[in-house]
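Okay, structure first, notes after.
Each reported figure results from applying straightforward, stated rules to the coordinates on display, with no laboratory input. On a predicted model such as this, the values are computed, not experimentally measured, just so you know. Glycine also receives a Cβ, built like all others from the backbone with ideal geometry; neighbour counts cover every protein chain displayed.
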Amino acid sequence: MTLYIANIVEGQTEQGCLERLLQRTWTELLGQTERLQVLEPFCGPRDKLIQSPGDLIMTIEQSLQKLYSKAKRDPDAIKLLLILLDAEGDCPATLAPQLFKLAREIAPPGVAISCVMPKRMLENWIVAGASTLGGINNLPNPLPVRGLFELRSGAAWLDEQLRSVNKTRKYKKVIDARDFINSMDLNECRTNSPSFDKLCREMEKCVPAAPTPDESDASA
């Protein structure tokens, strides 16, 4: 079995770091040994994707085309379309179902659909799992006490910590995020961030159910 994930994202951080985050989540956090193939994301402006249904529909159709192309020779393929957009000031519980409904109307039944909205942004997930990041990429060591994991800007918090060590040091979205995602504590992130927990639960839905004892006997 291979899980193929086609992604629709909004920014450089997601485009450059999402594959590593999904791979780590799949193998390290969820303990899966089945193959995971993360396709190159389709990236577009957040507001345009959210406010213009036509743009989102076009992006979904492109993502589905790429997903089927990659999985066409794999009879055991499991296909997932993941829409991952920052919540920013919007309520994920309101907006995510709207985007999901639109995608579900377009996608064939054989494709799973997930819409996950980091609250407020992907960097908030990094902060939520940052206990292992002290000293990484010039972050202070030890890090200050953290909190409000989904209520303030994660990027601003990272920038603040880097500047506390070196006033000229700025948070570099793709470069720093890639290293932070490589070293962050995923279990801690899942505990501290309900929006990251949603991503984990959405991926868990794609894991095939283990055969019952009766099914195992029948196939022996």
(Q) Need the full-extension length gain, residue 105 to residue 205, defined as separation in residues times 0.36 nm minus the C-alpha distance. One decimal, nm. (A) 34.0 nm
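Greater than 20 Å separation of Cα atoms is the criterion. Which listed pairs, 79/205; 70/101; 119/173, meet it?
70/101
What ranking of 121, 1 emerges when the number of other C-beta atoms within 10 Å of each C-beta is taken as an exposure proxy, fewest first?
With the sparsest Cβ surroundings first, the list reads 1, 121.
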Q.
Could you tell me how many cubic angstrom of Cα convex hull volume the range 55-179 has per residue?
A. 142 Å³
**Q.** Two-site label geometry, residue 148 and residue 191: point separation in nm, points 7 Å out along Cα→Cβ
**A.** 2.2 nm
(Q) Just to be sure I understand: with springs between alpha-carbon atoms less than 10 Å apart, which residue in 22, 151, 80 has the highest mean-square fluctuation in the Gaussian network model of the chain? (A) 151
Q | Contour excess over end-to-end distance, with Cα ends at residue 183 and residue 167 and 0.36 nm allotted per residue | A | 3.4 nm
Q. How many nm separate the modelled label positions at residue 68 and residue 46, each set 7 Å beyond the Cα in the direction of the Cβ?
A. 3.2 nm
